[in-house]
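Laboratory data are not the source of any read-out in this text; all were calculated from the coordinates shown. Here the structure is a predicted model, which is why all the values come from computation and not from measurement. Here the Cβ positions follow ideal geometry from the backbone for every residue, glycine too, while neighbour counts run over all protein chains shown.
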């Protein structure tokens, strides 16, 4: 198992490395990065100074090596807009995104999984059909539209919840999060619900399909032939069978959430990395964009590896050395 | 039929229907048979004969859109209500057990063998888990699984096909059932494994006097194993009697056709004889359901032929048998 | 074809969805003739008519059935044109993705060996990333604009097409007619194009529908964030974001009308796609 994780990590590092080349080429080799920083009326001498100051007059491969060396030092350059270290800006905002994504994930699972299990067990009942219609609806609604809807209903009309921003942060057991304050809870509710809609639909479909498949499986018939109670069959035999696919998908969904949070964060002014990347793209703040991309890719890889490992632990049929 | 005192299971007027687009289909139509202590009854038929559904019906395992329409089933002197799920659950895995085809799909892939066996015990008897576990180990040992204390912790995919089926047999016999229903348990298994399984079953019967219903399409297996045979076609029993009597002097055109197509009897022939036609739409007929494929079909076959005794204990539902019995 | 349509229509929700979809496609295709107002012609816009609620009367005396936005654009017409733009961009993107994906998929299936492995590695890599991330990368690197959005869609979708096609093609490749073609010494290109391709394409139909919906969604998201299509030819996403600033003034319709169009479009496509998948599986 350790070997497997190691191999995957190495593959991941290779991937990040490749990503860095792509990012570098695109950011520094395409277009004129200076155009953002200087106005058209700047005299050439000033432009030249800026160029040499940023090392942009050196040959490309030299620039890349400098770039790489800086990366390994943790130096992703400085934001064109704020002048702060790019990576620092990303890391600073990551906890907010993590908090939002985790909350959304929890909501999605708490609602989606039980609903899906019930729908799968009794697909033709009221719950079953409503659940499948509901999940189809959720997938079709674009997240920015649902955000608008939520804001209209809860913030503007009902005046119940604020429209944006993150709440106050409190520290419990060394972890600081806005979930621990009342103000924080009020503010995280709408964005978290909005973000949870898509994964919720995924969970409903996944668990209901899984349960439906399992119910008709012959080992369920054998279990009934043994005289087991419905309760035991449902809770152990059926549920256990859907855990592996749910776990694998959870990992992937969580990774997607980190990416999809860009919309929700933008609309609700949630100070996370998603909000940052959008602003950076709009202002062509390239160092921050690179920092965000490298960071996201790394996180993504780690999550995928973790999901695979958890899956292997839960399902004894999977052996990580490759033989199934 | 078997002697009343020794009867483990008596089935009369069993009918099971499936609701479909064109109305209800009688998949099991007025079936009657009985099994005695230490007796192996073979139920033989092709796909669509209703043999498996008969087994499920007795277990109360028929799911919608199917339902047991009628049935007078007596197990060890007690009447069973096949539609009362709560009552049937006490019987399933307890007084009557069932084993299925393909043990790989019968056992839950993510639970250990031990857990699945303990489940079967604890569903019907209260005892500490430890005790249940040792019972499980003993049962594994009885069916010839080596190192049962270790195997008890294995997962199904770690065992071979033959061993898995033995485990299934062990599970089935855990609660000392009076009757075991085996639904095609050796189909798809190696001949050698098949022989082992047959042997295990025979041991169970000899040791504990268990009754067995062996459902299969394979006449050859039935010939080796069963004491009595019931031949089913399109939901009805067309012939039943002692195995030897049926093999030596079959009294129904369908049985004759089945036996005629066995490899063993056709050595040296260029072509295997087949029963012409197919079973399609036979379930809708109210008269003799085999008539469309029968060389001897007559006008009288439009009425359902009654079961007639051809020789002691040997019955056939055919107009020819009726004539033979009368004349 | 007719038989398929009949089977399809047995599910009433799906039939409804198909009907709505066809209606929307019709509207999108003929928007310039159907829309009461040409929203691209600035001379037809009257700033005095801006921000009228649905059913409001125009200065000239007509009725704006779905209201107007801040520039005086009739929302019904703007949404029709927006529908058109959204659909065209999504279709362009998905078609490009399809072309790229099919090419690599067939190539991988036919060539096998190292080529196959290499292509599939790239596919796996691409599939590991959520489409929005890929789109963000594209836009971050190359800027916003029509071609970039189409490119972003194409790049984020080609991989799933490639993988699906390759799976089918690999199975087809073992079949007799391909072996016959090889024996007859047809050129590889011909075998791939004429023999393998047409027979491997069927399972893609359901996927294409799903991906078109995804493309529409993606473009809408990008445009909403201001990093997608330009303002001159607004798509539904842009219209929605345009109305966002008027929400607090409770002039919801400016966002909600194009929003409703978008949701209806996506819902109908998903209903149709789902039904197609159901029919495919049985």
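What to note about this one:
- Direction-averaged projected area, Cα convex hull, the protein assembly as shown: 52.0 nm², rounded to one decimal.
- The rule of thumb for compact globular proteins, 2.2 N^0.38 Å, goes into the C-alpha radius of gyration of the stretch B:46-125 1.23 times.
- The order of C:176, B:240, B:200, B:323, going from fewest to most other C-beta atoms within 10 Å of their C-beta, is C:176, B:323, B:200, B:240.
- Shown here: chain C, whose C-alpha atoms stretch 76, 47, 29 Å along the first, second and third principal axes, sorted largest to smallest.
- Counts of other chain beta carbons within 10 angstrom of each beta carbon in peptide B:61-68 average 1.
- Chain B: relative contact order as a whole-number percent, Cα under 8 Å and 6+ apart: 20 percent
- The ranking of A:262, C:149, B:74, A:46 from fewest to most other beta carbons within 10 Å of each one's beta carbon is A:46, B:74, A:262, C:149.
- Counting only alpha carbon atoms, the long axis of helix B:129-142 and the longest principal axis of chain B meet at about 50°.
- Tilt relative to chain B, helix B:161-173 - C-alpha long axis, 0 to 90 degrees, to 10: 90 degrees
- Comparing C:207, C:248, C:83 in a Gaussian network model of chain C, where Cα atoms under 10 Å apart are tied by springs, the biggest mean-square fluctuation is seen for C:248.
- Cβ-based exposure ranking for B:124, B:199, in which fewest neighbours within 10 Å come first: B:199, B:124
- Taking the DSSP beta bridges with both ends in the protein assembly as shown, the antiparallel portion is around 65 percent.
- The stretch B:1-50 - Rg (one decimal) and Dmax (whole number), Cα, Å: 14.1, 44
- Hydrodynamic estimate: the Kirkwood radius of the stretch B:16-157 over Cα pairs, inserted into Stokes-Einstein at 37 °C and 0.692 mPa s, corresponds to D of 187 µm²/s.
- C-alpha long axis of helix C:113-127 to longest principal axis of chain C, angle in °: 20 degrees
- At 0.692 mPa s and 37 °C, Stokes D of the stretch A:81-224 from Kirkwood alpha-carbon radius, µm² per second: 188 µm²/s
- Shape category assigned to the stretch A:224-324 from the gyration tensor of Cα positions, a/c cut at 1.5: oblate
- For the segment A:146-152, counting C-beta atoms of other chains within 10 Å of every residue's C-beta and taking the mean gives 4.
- Directionally averaged projected area (the stretch C:131-178, Cα convex hull): 4.1 nm².
- Averaged over the residues of C:137-150, the number of partner chain Cβ atoms lying within 10 Å of the residue Cβ comes to 4.
- Dividing the mean sequence gap of close Cα pairs (under 8 Å, 6+ apart) by how many residues the stretch A:143-285 holds gives a relative contact order of 25 percent.
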